[in-house]
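Presented below is the structure to which this report refers.
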Amino acid sequence: MAWRMVTHRCGHQERINVDGSYVIVEKRIRKAEETLCASCEGIQSRRDNRSAGFCELWGSKSQCDRAEPIRQRVLSQVIVLARHARIEDRDAFDELYKQVLRRDDAEWWIEHRNDAITMLAQDIEL
Ligand SMILES: [Zn+2]
């Protein structure tokens with residue numbers, strides 16, 4: 001495999017895989033150059049989270065970095081579902097929303113990246 005060091009927007013470097021067609025590799029490199037590295041991305045989203053009302057995540061740094069985008073995605077899914085919910089289900093969705101903000105176990109988010117809403121909903125009987 002061939003690799004190249006690419007500098008992210010934040011100034012940090014990352015080793016990027018440059019196997020594949022020229023167009024795809026160019027796109028991959030350009031994307032890396034235009035975005036923050038995973039670590040700065042984590043810091044940035046933690047900052048955003050405090051304003052959204054998310055609790056602090058618990059776990060290793062890499063677990064937290066992985067869990068962060070998962071719970072953000074889940075929260076936006078809950079918001080969309082709530083918008084389409086029947087009036088009588090609104091309270092349950094409010095509770096679900098709070099559960100998403102409160103769940104602080106990074107490992108749990110990684111494990112349940114595909115069924116987080118179902119898992120949380122089971123506890124509150126939607
Ligand atoms: Zn960085």
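Observations
- Solvent exposure of the chain amounts to 67 Å² per residue of accessible area, where only protein heavy atoms count and the probe is 1.4 Å.
- About the Cα centre, charge dipole magnitude for the chain (Lys/Arg +1, Asp/Glu -1 at Cβ), debye: 640
- Inter-centroid distance (Cα atoms) of the range 65-89 relative to the range 97-126, Å: 10
- Surface composition of the range 1-62: carbon plus sulfur atoms hold 54% of the accessible area, using a 1.4 angstrom probe and ignoring ligands, DNA and RNA.
- Residue with peak Gaussian network fluctuation, the chain [Cα springs, cutoff 10 Å], from 81, 57, 96: 81
- Entry note, the range 55-124: relative contact order of 48 percent, from Cα contacts under 8 Å with a spacing of 6+ residues.
- Fully extending the segment from residue 73 to residue 60, taken as 0.36 nm per residue of separation minus the present Cα-Cα distance, adds 2.7 nm.
- Mean ellipticity per residue at 222 nm, deg cm²/dmol - from DSSP H runs of n ≥ 4 across the chain, formula -39500 (n - 2.57): -20000 deg cm²/dmol
- Using C-alpha pairs below 8 Å separated by at least 6 residues, the relative contact order for the chain is 21 percent.
- Lacking any other cysteine beta-carbon closer than 4.7 Å, the following Cys residues of the chain have no compatible partner: 37, 55, 64.
- Using the Cβ-Cβ distance between residue 33 and residue 80 with R0 = 35 Å, the FRET efficiency computed as 1/(1 + (r/R0)^6) comes to roughly 0.65.
- Sites residue 50 and residue 9 - FRET efficiency at Förster radius 25 Å, r taken between beta-carbons, to 0.05: 0.70
- Dipole orientation for the range 55-124: of the candidates 109, 76, 97, 76 has the Cα lying most toward the positive pole (charges on Cβ; Lys, Arg +1; Asp, Glu -1).
- Rg/Rh ratio calculated on Cα atoms of the chain (Kirkwood radius): 1.09
- Among the GluC sites (Glu not before Pro) in the range 44-126, those placed in a DSSP loop whose Cβ has at most 14 other Cβ atoms within 10 Å are 56, 125.
The values are calculated or read from the model by the stated rules, or taken from the named source; none is laboratory data. Please read these numbers as outputs of a predicted model, since none were measured by experiment. Cβ sites come from the backbone with ideal geometry, for glycine too, and all protein chains shown count toward neighbours. Just so you know, the surface numbers come from the protein's heavy atoms only, side chains and all, with ligands and any DNA or RNA stripped out. Shrake-Rupley method; radii C 1.70, N 1.55, O 1.52, S 1.80 Å.
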